Amino acid sequence: MGQHSFQQMHTSMNLVLRTVVVDRDAAIRREIKSVLAGTDLVCLVAEYSDCSLFPASADLPDVVVVGMDSDTDSALDLINRLARQVPRCGICAVSRSSDGQLILRAIRAGAKEFLTLPVQLNELVTGLRSATGLPDARGRGMQSCQTIAVAGAAGGVGSTSLAVNLASILAASPERAVVLVDLDLTLGDADVYLDTIHEFTLADLTRNVERLDAELVRRSLARHKSGLYLLPRPVELDDANLVTPEPLRRVLGLLKATHSHVLIDLSKGYSALDMSALACCDTVLLVTQLDLPCLRNVVRLLKSFRPVPGLSEKVKLVVNRAMPESETIRLKRAEEIVGREFFWQIPNDYRLMVDVRNNGVPLIAQAPRADITQSLFGMAQALCGDGKSGDKTAGRSGVPAPMFGKWFKFLSSMANKSSLTAH
Ligand SMILES: Nc1ncnc2c1ncn2[C@@H]1O[C@H](COP(=O)(O)OP(=O)(O)O)[C@@H](O)[C@H]1O
Ligand SMILES: [Mg+2]
């Protein structure tokens, strides 16, 4: 498989190699990091200046890039230790020298690749690919992440409501790590829906992107009771300018490397930032209501997405505030207008939605049995489930999708605990 198709595969599967760099020499670490920054394949999760500081039992990365030159014996020891303890970890030795003896020692210690500095991006990508044996490393613990952007066809269509509640439903599964990023930088209100107190915002992370690693990202996110992590919009209006596409791309890369699901609540501006988030996600939920101004915007948006490679295929249209008894005909007509089928319908329940927002409690906690919550469960299952049980037609018809397996058990246990409202 050539490098090009490999990168395509990586992008389409959204695999990110969590990478650690170890070298005493800061200049070498910098050199490697600057090459790594050129690819989405790699996310630097940590760097160590001393081989002995490399943790014995931490959440181990996919690749360790070990510098050989500043302390060769410690580097060989580390390679040896890692190769024995974590055979799935790709070990890549790097050196300014291409001395045959050194290469042999590194390979004998357990390095799977040896790269000579300075290294070009394509050599590095090929080296890391080979070190991890990527094609068959899938499913052996390599991180994969699903990234969902939630966009809206007009202000007030309910994109934030759906983003927050879908994210908190996904976060209810303990094996998932879900983060919601509020990209509505000026007026975003995802934090209101979750009633969280946060110390850091998206602006803090993009401002410090050079220093960021996975641990720092983890510590800067606010965690809601539901298990959902939130990265809120900047506090000050002026700070919105600090968030620019390239640092955002890197922050999103780190979030993808450290979470199973990244949800992004876009602004309604379709700015360069929104477009860069759209470019790096797997799915775009474009939320609309069934009125003419919204549908006209859906048509315009779909048309403007067309020239962007891969974007149209990622879009799924979601009707919010659907009213099944009166809307069936309108739904068909609306599908004709926009030229594609709707992926899902979320029922209308204004009182409940206003309640959950005012209380800062997600639907899954306040009203797990409500139609709207069940419809969102169904959508979560169709988007992120195992693909066997998602019942698309149920969601499309506006009738709540049935509960399945794990979700059902979870939901029942929530309802049984029942200080919760039964609907
Ligand atoms: N399915 C729904 N049924 C009834 N009201 C809803 C629904 N979804 C959202 N709303 C309400 O619509 C308003 C706008 O929602 P919001 O999520 O802030 O929209 P957006 O983020 O697209 O601007 C809020 O008052 C919210 O409570
Ligand atoms: Mg909003």
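Ordering Leu183, Leu216 by the number of other Cβ atoms within 10 Å of each residue's own Cβ, fewest first, gives Leu216, Leu183.
Sorting the segments 202-213, 365-376, 295-306 by their residues' average number of neighbouring beta-carbon atoms within 10 angstrom, most packed first, yields 365-376, 202-213, 295-306.
Label-to-label distance, Arg211 versus Leu53, with points set 7 angstrom from Cα along the beta-carbon direction: 1.4 nm. Within the stretch 34-105, all pairs of alpha-carbon atoms sorted by distance into 10 Å bins from zero give the percentages 17, 52, 30, 1.
Summarising the amide proton neighbourhood of Val181: residues at separation of 5 or more, or on other chains, whose placed amide H is nearer than 5 Å comprise Leu231, Leu263, Ile264, Asp265.
Computed from backbone phi, the HN-Hα couplings of the stretch 355-371 come to 4, 5, 5, 5, 7, x, 10, x, 3, 4, 8, 7, 8, x, 9, 4, 3 Hz, rounded to whole numbers (Karplus: 6.51 cos²θ - 1.76 cosθ + 1.60, θ = phi - 60°; Gly and Pro given as x).
Summarised in one figure, the compactness ratio Rg/Rh of the stretch 273-344, Cα atoms and Kirkwood Rh, is 0.99. For the stretch 258-365, the set of GluC sites (Glu not before Pro) satisfying both a DSSP loop assignment and a count of at most 14 other C-beta atoms within 10 Å is given as Glu341. Going from the fewest other Cβ atoms within 10 Å to the most, the residues Tyr229, Tyr350, Tyr270, Tyr193 appear in the order Tyr350, Tyr270, Tyr229, Tyr193. Answer rounded, prolate or oblate for the stretch 146-416, using the Cα gyration tensor with square roots of eigenvalues a ≥ b ≥ c: rounded when a/c is under 1.5, else prolate when a/b is larger than b/c, else oblate. It is oblate, given that a/c is not under 1.5 and a/b is not larger than b/c.
Amide H to amide H, with H built 1.01 Å from N, Val94 comes under 5 Å of Val66, Gly67, Met68, Leu115, counting only residues 5 or more places away or on other chains. Database remark: amide H of Val42 closer than 5 angstrom to the amide H of Leu17 (H placed geometrically; neighbours at sequence offset of 5 or more, or on other chains; Pro and chain starts carry no H). Each peptide in 111-119, 155-163 was scored by the mean count of other Cβ atoms within 10 Å over its residues; highest first, the order is 155-163, 111-119. Per-residue Karplus couplings for the stretch 335-346, computed as 6.51 cos²θ - 1.76 cosθ + 1.60 with θ equal to phi - 60°, are listed in order as 5, 5, 4, 8, x, 7, 6, 7, 7, 7, 10, 10 Hz, Gly and Pro entered as x. Our coupling estimate for the stretch 105-120, obtained by passing each phi through the Karplus curve with A = 6.51, B = -1.76, C = 1.60 and θ = phi - 60°, is 4, 5, 5, 5, 5, x, 5, 8, 9, 10, 10, 9, 7, x, 10, 7 Hz, Gly and Pro reported as x.
Every read-out reported here was derived from the displayed coordinates using simple, explicitly stated rules and does not represent laboratory data. Owing to the predicted nature of the structure, the values given are computational and were not obtained by experimental measurement. Virtual Cβ from ideal backbone geometry, glycine too; neighbours counted across all protein chains shown.
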